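A short worksheet on the structure shown next.
Please treat every number below as a calculation from the coordinates, not as lab data. Here the structure is a predicted model, which is why all the values come from computation and not from measurement. Here the Cβ is made from the backbone with ideal geometry for all residues, glycine too, and neighbour counts use every protein chain on show.
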């Protein structure tokens, strides 16, 4: 930029708009570098064949001896994953587990968020703090703590035996129930926080107006509170469902050997089988399954009239 | 607003009050928001509760609606005790200050809500909603969402929604506060017109005295949880009974004084501020030596460049400040005896010639009967 540059051009580099552009470029650059680029790498691996080499998959560009080259792409991995009943079962199992965990989180989280939003303002921050508090301890540690609680010689069995309620320890750890306990426990804050945000913004005058017009407390909830907290419900469910779908640690530690989750299968495929292409195809399919509900949500959001909550 | 038959039920000793508020108190912790208030409101009245913010007027209205519990006292509507009846079973509806329109429902759905909760048949709901939208001139907006209509339209949706159940009493919390001035004047007459047409008892809470004066059959002035005076707008303006009422409703000049003597027809008051003794006509007989206040409304004072004839309270002064409002001018005059007196004068002639200007020497005067004696 010299003295000869037109004034308009100068402004575009110095004014606040330029800073805005740089400010926008940073996060987008970050996403591009650390989200899109790795995804493209995974996508590319999913289209290769496994070989015993380093890295253990066929290269995309095959440089032939005669200096021509060809691109090598195969859909075999997808055919394999989609054609295998075990994989189908795993996907369905993961879907079911994530869906049930999300539903449980919603059922438990909604009343909690509602209670916090209706609490006296002085108490709200304390209650929110309590919801977020578990994050201060490592996720892995907390899951191990549940193993200690639920185990055959764990705290709960010990208490029940001591109280004489049961004669022999219950099998709680390594069951599907233990997975749900771990999932709900771990993901509940992600449900409560967005729900609280919408419920807290809800104008109490709307509830009073509904009550004044003849709405009984339950009707007021169904007619006003519930529809107006819908965005919070959707946000909370997505925040729980998406990580729950790919969850690996909780089923691995708390679930039994038969609890086949997609995250665990992916792990085994990658580290035990060293079949990177199949693992990559698995990951891509998982992403496709997760993007579907977000796309649906976006579609419904864009169809709502402007300004509506 | 012209009323063919003025509603004066409160003058009839036989008339039964429609809304009875008896010894109603509301405490929030140590703070007494409403302090043992009594009030009778008659059928088809347009009654206003007027007071500064924080005087307890909204709390009183919310207690009428059932949105706030009573600490003590009793509320009756049409002879039935409402004290412990939940809001959704009370035969009254409220128009909220923020309008509180349901953002996820259309205008028609908002208006229909009350009837739906009463489980009225669908055909009846549609018909009554159409009629009500017609009444408030909102038929074209029936399918709009609340965020797509203007403030004035929102106000009318809120009114329609509150009236659809044909409540015995309609409570209005600052109904016009959110509208701009021009729209407010228009709407206030529209509101009174609708009230007249439907014969519903209106109880309006407002901090805007012009609104209260223009709308109401009667009004109650409230301060610190108590009523300072209840009466017709003219009553309250011309015959305020205490300093707060006199000062809060309209502009007024207040002068401190001490009673010299009273004979049942006139009260003689020594007023040091005005450096004279004034005779105020009135039947009150306050004891000699009691401190009182004398009050004169600005429009009751004549301002002239020449001295007026005798028989009036008269004094000289200098114009400190003047405000021109078109129809009238407001003068602040430093009187010869000290206090600054506010005077308003109508601008009857177009020419500004002859009107007092800044720093002009002027003569102020008012009729003895214009002086208001305030004992509290």
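Segment residue A:99..residue A:160, full-extension length gain: 18.9 nm, with 0.36 nm per residue of separation and the alpha-carbon distance subtracted.
By the beta-carbon count within 10 Å of each Cβ, the least crowded to most crowded order of B:106, A:102, B:8, fewest first, is B:8, B:106, A:102. Return the single residue from A:218, A:124, A:17 with maximal mean-square fluctuation; model: Gaussian network over chain A, springs between Cα atoms under 10 Å. Judging by the Gaussian network model, the answer is A:17. Computed over region B:251-374, the percent of Cα pairs more than 20 Å apart is 43.
Label reach from residue A:258 (point 7 Å along Cα→C-beta): in region A:143-178, amide nitrogens under 14 Å belong to A:174-177. Relative contact order, whole percent, for region A:84-274 stands at 34, derived from Cα pairs under 8 Å and 6 or more residues apart.
When A:294, A:262 are arranged by Cβ crowding within 10 Å, least crowded first, meaning fewest neighbours, the order is A:294, A:262. Averaged over the residues of peptide B:321-327, the number of Cβ atoms from other protein chains lying within 10 Å of each residue's Cβ is 0.
Peptide B:94-106 is shielded by partner chain Cβ atoms: per residue, an average of 5 of them sit within 10 Å of its Cβ. Under 1.5 on a/c is rounded, so check that first for chain B, then, if it is not, pick prolate when a/b is larger than b/c and oblate when it is not; a ≥ b ≥ c are the square roots of the alpha carbon gyration tensor eigenvalues. Prolate is the answer for chain B, as a/c is 1.5 or above and a/b outweighs b/c. Placing R0 at 51 angstrom, the Cβ-Cβ distance between residue B:238 and residue B:85 gives a FRET efficiency of 0.85 after rounding to 0.05. Taking only the alpha carbons of region A:84-274, we obtain Rg and Dmax values of 20.0, 66 Å in that order. For region B:1-119, just say rounded, prolate or oblate: build the C-alpha gyration tensor, square-root its eigenvalues into a ≥ b ≥ c, call rounded for a/c under 1.5, and beyond that prolate if a/b exceeds b/c, oblate if not. Oblate, because a/c is 1.5 or more while a/b does not exceed b/c.
Available extension along the chain between residue B:272 and residue B:353 is 25.7 nm, counting 0.36 nm per residue and deducting the alpha carbon span. Each residue of the protein assembly as shown gets 329 Å³ once the volume of the Cα convex hull is shared out per residue. In the protein assembly as shown, the DSSP-assigned H stretches of four residues or longer account for a calculated mean residue ellipticity at 222 nm of -13000 deg cm²/dmol, using -39500 (n - 2.57) per stretch and the full residue count as denominator. Note: relative contact order over chain B, using C-alpha pairs below 8 Å and six or more positions apart, is 14 percent. Apply 1/(1 + (r/R0)^6) to the Cβ-Cβ distance of residue A:218 and residue A:24, taking R0 = 45 Å, and write down the FRET efficiency to the nearest 0.05. Approximately 0.45, to the nearest 0.05.
Here r is the Cβ-Cβ distance between residue A:302 and residue A:271 and R0 is 41 Å; the resulting FRET efficiency, rounded to 0.05, is 0.50. Where both bridge residues fall in chain B, DSSP classifies roughly 75% of the beta bridges as antiparallel. The order of B:45, A:176, B:89, going from fewest to most other C-beta atoms within 10 Å of their C-beta, is B:89, A:176, B:45. Working from label points 7 Å from Cα in the Cα-to-Cβ sense, the residue B:143 to residue B:8 distance is 5.2 nm.
Which of rounded, prolate, oblate describes region B:141-182, given a ≥ b ≥ c as roots of the alpha-carbon gyration tensor eigenvalues and a/c under 1.5 marking rounded, otherwise prolate only if a/b is larger than b/c? Oblate. Available extension along the chain between residue B:260 and residue B:186 is 21.8 nm, counting 0.36 nm per residue and deducting the alpha carbon span.
Once each part is reduced to its C-alpha centroid, what is the distance from region B:283-361 to region A:241-299 in angstrom? About 87 Å separates the Cα centre of region B:283-361 from the one of region A:241-299. The alpha carbon centroids of region A:149-198 and region B:158-210 are separated by 57 Å.
Between region B:224-249 and region A:91-107, how far is it from one alpha carbon centroid to the other, in angstrom? When both Cα centres are located, 66 Å separates them.
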